[in-house]
Amino acid sequence: MQIKVNDKTWTVAGAPETPLLYVLSNELQLQGPRFGCGLAQCGSCSVLVDGVEKRSCVTPVSAVEGKTVTTLEGLPMWYAVTKRLARAPEMHPVQQAMLDEQAPQCGYCYNGMIVKAAELLSKNARPDERQIRTAMNGHLCRCGTYPSIIRAVQRASEIMAGTTGARGFSRAETRR
Amino acid sequence: MKRRDFVKTGGALVIGFSLRDVLAAQTTAPTGTRGSVAGPPDARQIDTWLAIHADNTATVYVGFAELGQGASTALLQIAADELDLDMSQVRSVRLDTHVTPNQGGTYSSASIARGGPQVRTAAAEARQALLAMASKEIGVPADRLRVSKGEVSTADNAKRVTYGGLIGDRRFDLPFTGSAPVKKPSEYAVVGAPVKRLDLAGKLKGTHVYMQHVRVPGMLHGRVVRPRGQRAYGVGAKILSVDESSIRGIPGVRVLRRGDFLGVVAENEWDAVRAARQLKVAWETTSALPGSDNVYERMRATTTLEEIVVQRGDIGAAFPKAAHVVSQVAHAPYQAHAPFGPNCAVADVKAGTALVMCSTQDVYATRRTLAGLLKLAEKDVRVQYYEGSGTYGHSCYDDAAQAAAFLSQDAGRPVRVQFMRADEHGWDNYGPAHVGEVRAAADADGKIVAYEYHGWQHGWSGTEASAQLAGSPVGEFIAAPAMGVQGVNRLTCGGQYQIPNLKLVNHKLPVTEYLKAGWLRSPLDLSFAFASEQAIDQLAAVLKIDPYEFRRRNIADERWRGVLDAAAKAANWSSVIGVRRLQPSVGGGRVVTGRGIGLGTHLQSWGGAVADVEVNRDTGEVAIKRLFGAMDAGLVVNPAIVESQMRGQLVQTASRMLHEEVKFDTTGVTTIDWVSYPILRFEACPEVTAVVVQQINERSLGAGEEVMAAAAAAIANAFFDATGVRMENFPFTKSRVLAALGANSRRG
C-alpha cells in the first residue's frame, strides 16, 4: 500500500485496517502524532488529511490511500504551499505563536493543538475567541494551558495577516 | 546519519537515532566513570554536579526531572547566575542512574526549593575553583578578577582567560565542601528574569523525544491485559483462565504470564494492541468495594486509626463560650492523574543486567524496586528518565516500567510497553477520597476563637499493579517526611488564621479496602480547603462581615495577608456582605452569579484566590468565569514559568471542582476514558489571572501546586455567594447542583 505523507510517498506494510497512527509512529518514525486514547476522544494523534483534521488513531491506513496526509512535521511546508510562499518557514505561524506565548507545559497535546489550529486558520483567518474555543473544543489539555493556546491562535492569526511580527510584542502586552 | 544507525556509549546503552542530541550532550561530558558505572555518583565531588567544556559551556548534572513544569530551565538559570555564564552556555542532561546525582525524587514541588540551593552551592564552588585557576594563570589575585559569560578578566580587561581554556573537559577533582560563598540576591542577573523555556521549541516542532517515542533495536511491543478498571487494592485481580485460541488469528503474538500479571508481546504494535483487546480472559469476580455512591458512608463508618495532628488551647472550653459556631461537611471524590499520554516504558532485561527507560519521578527509587522484582543487584540495573506527558504526581509510570521489565525478562528481548487509555484511567494511583468535618467559632467581635477539623482518608498504596499481580504483597506507601502529609494539612486547615484553640484529627482508613492511591497534585488540599474555607466563610456570613475583610482580621501572618490582598486586588474585590441571591446575569432568567475568596496551600508557600461563577438554577450548570490566583513562593527564579504553572493550576482546579470523579461499582472502577471521566474543555475554560508575589530576599519554595487549594475554596464560596447554598460534595455536576438547590429550597 502506498500513502502520501508530508509530500513523500511511502510504501507501507501491514494490514490495511491498521490505524494510521501506528504506521506514522513506527514505520515512518514521525514524532508529531502521538497515542493519547486510541478512541478519538482527545486529539493527541491528529493529522491533516487533504487539509482536514482527522484522528489517526481510528483512521485505517487504507482510508488515506490516494489522499494527502500532513503531520506536525509537514505543517511548515503545507503552509508554504497553501500560501504560495517561496520556501517553507522554520515553523508554521501557529507553532511560532505558541513559542512566542511560551504556551506549552508538558507539550504532549500540542501536536493536536497545532494541527487543529492550523486547520482552523486555513478556513477562518481571523477567528474570534468564541470561534477558537468552539473549533478547539475536541482537543484536551491536561496541564490546563487552554488560555495560552487561545492567545497563541489569535497571535498566529495576526502573524498570518502580517499585522504583527513573529516576535513583535512582549508577553506583558498580550497577557491580559 | 540514517535512522538505523545506532550509537553506542557507556558500554551498555544502545539507542536509536532520535536520541542522538541527548547522547551528544553526554559524550561531550568529561571522561572518567560517568555513564559507565552505576550511580549515584559521589555527591561530595564537584565533578558530580557540573562539567566545564573546552567550548566554554557547562553541563549541569541535575537530579530533578523535567515534568513539563519548566524546572529544568529554572535550575539552569541558577547555575548560569552563579557561574556568570549566559543561558546559551549551560545545559543539563536527562536523569540517569549512571550519570546524575541522587537528589531525591521530583515531587512536593522540590525542584527549586530543594534542588536550587544544591545547584547554586555547587556552581559557586566550581566558580571559586575556576577563579583560583585563573589567578594562577594570569598572576592576579582572585578577588581582583571578574567574570562575564565564562571569561575571567582583570578589571582593565588586559588579561583574560575563559573557563573552557582553564579546565576544558578535564575533571576538577575537588571535594564539594559547600563552603564557597554564594551570590547575594541583589547580585542575581539571570535569576528572577522571565527567561524562555529551553524545551519548548523542540516540543512545538516535534523534535523533543518523549518516552513514548523511544525505540530500541530488536524491540517487541507489549501491552498489559487486565480487567477494565481496578478492583479493591487488597484484592487485585485473579485469573481463572486464559483462552489463547481467542487470538489465534493474530500472527506472532506471545502471551506472557507471571501469576496474575498478564501481557502480550508482538513484533508489530497494532498486533499487540488488538491481541490485548481480543484475548479472552476469565477474571474472578469480586465485590469488595463500597461503590462510589456509598464510599463516604463506608469511610465514615469504618473504625479508624486516630491521630491528633495539632492540638493547642482548649477547644472543649472555647466552643461553648463562643458567640457564633458553624460547621461544614465535605465529601470529596477520588480523582485521577489521567496523564494525557498514557505512560510508557522500554526495558531491556538480560541475564545479569537491565536497562529501563521510563518517566519515573525518582530514577533511584525505581531502580531499587525494579532490582528487587527482577532479582538483580541494584548496581546492575540502570534507569533512565524520559519525559512523558505531564502526570501531576504518582500515576502509572512505575507500573509501566515494571510491566516492561517483566515482559522483557520473560520474552528475552527488549520490550516497549505503552498503556492503553483504560489501563491508565482504570489502574491509576488515584488521589484518595476524603470526608471532612469542620467546626469553627468566632466571638462577637469577629475573631476566630476555636477550630476543629476531622479528616477521614486512607494513605497511598505501596505496590504497583504489575508487581502485585505478579505476586508481590500489597502494603501502604510509607512517605518520607519531605513528601509530607497524607492526612489533615495544618497549613490549609486553619493555618491561615490566628486561632487560639485548635484541634486537627486524622482518621486513617485501611488502604487495602479501597482504591489504589498516590499523590495527586496538591494532595487532598482541594478537599481540605473546600471544607475548611467554607466554614470560615460561614463565620463571615453570620457576622455580616465581608469575607475578605474577615480573613484579613484573622490572618496568621504577613505572607498570608500578602497573597490574600494580591488576589483581592487582581479581582478588584468590592465588599460582599451576606448572599447576593438570584441576581440575574446578562442572560437574565435563572442564571445567578457569585464571587468567592479563599486561602490555602500545600506544604509550603502561600496561595490566595478569587473566583467568579455563574450557576444556572434550571439546569444545574455551573460555569467558572474567572479565576484570580496569587502565590508567594519566596524568591521566584522565573516569574513567567511560575505564572504559567499557576494558570495551569487554576484551570486544573476548575476541572477538578466541576467535572472530575472516579466512579466505581462494588467490583471495580468504571471511569476508564475521557467520556466517562470528563475534564474541563476549551469552551468552559475560565479566564485566569496569575499574580506572583515576588520575594527576592526569601528562600525559594515550591510553586507547582500551591494555589489549587485556594482556588477550590474560592469556587465553593462563589457558588454560595450565587445561590445561598453550601455544597457538601464536589465535583459540581448538574445533577448534584440541582439536588443541592432543590434540597435547599425545600428546607427554606
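Of note:
- A single entry from B:Gly634, B:Gly607 fulfils the requirement of being at positive phi and not in a helix (DSSP H, G or I): B:Gly634.
- Flag if B:Ser466 is touching a strand residue (DSSP E or B) at 6+ places or on another chain (Cβ under 6 Å), under 27 Å from B:Phe261 (Cβ atoms), touching a residue at least 60 places away in the same chain (Cβ under 8 Å) and not in a loop (DSSP other than H, G, I, E, B): yes
- Scanning region B:423-436 for residues that are more than 21 Å from the chain's Cα centre (by Cα) and either under 24 Å from B:Ala275 (Cβ atoms) or of a type in the set (A, V, I, L, M, F, W, C) (or both) yields a count of 1.
- Checking B:Arg44 against (1) surrounded by fewer than 21 Cβ atoms within 10 Å (Cβ to Cβ); (2) more than 24 Å from B:Ala180 (Cβ to Cβ); (3) out of contact with any helix residue (DSSP H, G or I) (no Cβ under 9 Å at 6 or more places or on another chain), the condition it does not meet: (2)
- Being of a type outside the set (Ser, Thr, Tyr), over 23 Å from B:Thr593 (Cβ atoms), touching an Asp or Glu at 6+ places or on another chain (Cβ under 8 Å) and not in a loop (DSSP other than H, G, I, E, B) is a property that does not hold for B:Gln695.
- Any hit, region B:253-265, residues being over 34 Å from the mean Cα position of the chain (by Cα), over 30 Å from A:Val58 (Cα atoms) and not assigned by TED's automatic domain parsing to the domain that holds B:Asp665: no
- Taking region B:351-393 as the range and being aromatic (Phe, Trp, Tyr) and farther than 24 Å from A:Arg142 by Cβ as the test, only B:Tyr364 passes.
- Residue check for B:Glu82: among the acidic types (Asp, Glu) and in contact with a Gly (Cβ under 9 Å, 6 or more places away or on another chain): no
- Considering (1) modelled with pLDDT under 95; (2) surrounded by fewer than 24 Cβ atoms within 10 Å (Cβ to Cβ); (3) of a type outside the set (Ser, Thr, Tyr), the lone condition that B:His394 does not fulfil carries the number (2).
For every residue, the table says whether it meets (1) at positive phi; (2) assigned to a loop (DSSP other than H, G, I, E, B); (3) out of contact with any helix residue (DSSP H, G or I) (no Cβ under 7 Å at 6 or more places or on another chain).
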residue: B:Ser389; (1), (2), (3): no, yes, yes
residue: B:Asp398; (1), (2), (3): no, no, no
residue: B:Ala403; (1), (2), (3): no, no, no
residue: B:Phe406; (1), (2), (3): no, no, no
residue: B:Gln409; (1), (2), (3): no, no, no
residue: B:Arg413; (1), (2), (3): no, yes, yes
residue: B:Glu424; (1), (2), (3): no, no, yes
residue: B:Asp428; (1), (2), (3): no, yes, yes
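- Within region A:58-80, tally of residues that are away from chain B (no Cβ under 14 Å) and closer than 20 Å to A:Asn111 by Cα: 4
- Scanning region A:134-160 for residues that are more than 8 Å from chain B (Cβ to nearest Cβ) and farther than 21 Å from B:Ser389 by Cα returns A:Ala135, A:Arg151, A:Val153, A:Gln154, A:Arg155, A:Ala156, A:Ser157, A:Glu158, A:Ile159, A:Met160.
- Qualifying residue in region B:715-724 (condition: in a loop (DSSP other than H, G, I, E, B), touching a helix residue (DSSP H, G or I) at 6+ places or on another chain (Cβ under 8 Å) and not small (Gly, Ala, Ser)): no
Residue-wise test of (1) within 23 Å of B:Arg226 (Cα to Cα); (2) facing chain A (nearest Cβ under 10 Å); (3) out of contact with any Cys (no Cβ under 9 Å at 6 or more places or on another chain).
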site: B:Asp632; (1), (2), (3): no, no, yes
site: B:Gly648; (1), (2), (3): no, yes, no
site: B:His659; (1), (2), (3): no, no, yes
site: B:Asp665; (1), (2), (3): yes, no, yes
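- Hits in region B:672-726 (condition: surrounded by fewer than 24 Cβ atoms within 10 Å (Cβ to Cβ), more than 14 Å from chain A (Cβ to nearest Cβ) and out of contact with any Leu (no Cβ under 9 Å at 6 or more places or on another chain)): B:Val693, B:Phe720, B:Arg726
- Test: residue in region B:195-217 that is within 14 Å of chain A (Cβ to nearest Cβ), surrounded by fewer than 21 Cβ atoms within 10 Å (Cβ to Cβ), over 32 Å from the mean Cα position of the chain (by Cα) and not aliphatic (A, V, I, L, M): yes
- Number of the condition not met by B:Pro101 [criteria: (1) more than 17 Å from B:Gly393 (Cα to Cα); (2) within 14 Å of another protein chain (Cβ to nearest Cβ)]: (2)
The values are calculated or read from the model by the stated rules, or taken from the named source; none is laboratory data. As the structure is a prediction and not an experimental result, all values here were calculated from the model. All Cβ positions, glycine included, derive from the backbone under ideal geometry; neighbour counts span all protein chains shown.
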